Ligand SMILES: Cc1cc2nc3c(=O)[nH]c(=O)nc-3n(C[C@H](O)[C@H](O)[C@H](O)COP(=O)(O)O)c2cc1C
């Protein structure tokens, strides 16, 4: 399938301007490698490695397998500060090409990363945080729109992405409900330079989600997704049928256990009809993208 690009994807050296977004507990080093081989940017939260030692060995493994870019995510305000410090230092040591920050001030990470020519993206659900991230010097701002998997925003992408684009000078990355090539094309029409996709990659063969979770994503539509703060205290989208009747918010370790049994996914489940390898998913998206442009006569 022929490649396509944007200024930001060319800067990162990607074949396609697509990111497999970090997903708590279920993105793995195997996914990152499969993404690198398929020509997109695969990312995982640093804490998906159970310890900093495990993260170090994941980084060594990835560095030994590929020269292509991959990304590590830090959920700053939700992480143990000591662990965060060690994990950031490890990412500097291994010159992880892309760092993705959320839930906190990215300034110290941006400063350190830019001394080594590493790229930092920051994820936001409103303009206030986007402006702070821009002032911190991040290289891309991820606009997490309504309907996204995980901790989603509340603004529709048709409004949020052009709004961020008009208000900021930093390149914009679109997140939320992008599951196929038509939606990738739409994200670029709205002004984004990368399509940031989580839910689509839950139903990837290489994803560490259980078979039941993957099948549930395939079988569900947007009607089966609920936006609630009753799982962790922060609003996020979940597959409705995995939420127990009696739920009250939890934090820390307890919250992590709940994310194992209560499955998060976005409204983009509607467009997902099969579990496929990452290579096949990327191939499908690229074909759908080119078909869309052809249909539009572009
Ligand atoms: C199961 C799951 C876990 C997630 N965990 C994280 C996380 O640990 N850190 C983070 O920054 N975003 C997390 N996200 C959000 C994704 O990185 C991304 O913003 C989102 O999935 C994009 O929307 P989409 O799912 O509609 O494609 C998670 C999303 C899902 C579905």
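The values are calculated or read from the model by the stated rules, or taken from the named source; none is laboratory data. Since the structure is predicted, the reported quantities are computational estimates derived from the model, not experimental observations. In this analysis, Cβ positions are derived from the backbone assuming ideal geometry, glycine residues included, and neighbour counts consider all displayed protein chains.
Within the range 76-96, the set of residues being touching a strand residue (DSSP E or B) at 6+ places or on another chain (Cβ under 6 Å) and in contact (Cβ under 8 Å) with a residue 40 or more places away in the chain comprises 91 only.
Go through (1) modelled with pLDDT of 95 or more; (2) within 30 Å of residue 267 (Cβ to Cβ) one by one and return the number of the condition residue 118 breaks. Condition not satisfied by residue 118: (2).
Does residue 263 meet the test of being within 15 Å of the ligand (Cβ to nearest atom) and modelled with pLDDT under 95? For residue 263, the condition - within 15 Å of the ligand (Cβ to nearest atom) and modelled with pLDDT under 95 - is not met. For the range 161-181, the condition holds for no residue, the condition being that it is within 11 Å of the ligand (Cβ to nearest atom) and assigned to a helix (DSSP H, G or I).
For the range 197-220, the set of residues classified as in a helix (DSSP H, G or I), surrounded by fewer than 24 Cβ atoms within 10 Å (Cβ to Cβ) and within 12 Å of the ligand (Cβ to nearest atom) consists of 213, 214, 216, listed by residue number.
Looking across the range 144-160, the residues that are more than 11 Å from the ligand (Cβ to nearest atom), surrounded by fewer than 24 Cβ atoms within 10 Å (Cβ to Cβ) and not in a loop (DSSP other than H, G, I, E, B) come down to 158, 159. Scan the range 149-167 and tell me whether some residue there is closer than 24 Å to residue 220 by Cβ and over 18 Å from the mean Cα position of the chain (by Cα). There is at least one residue in the range 149-167 that is closer than 24 Å to residue 220 by Cβ and over 18 Å from the mean Cα position of the chain (by Cα).
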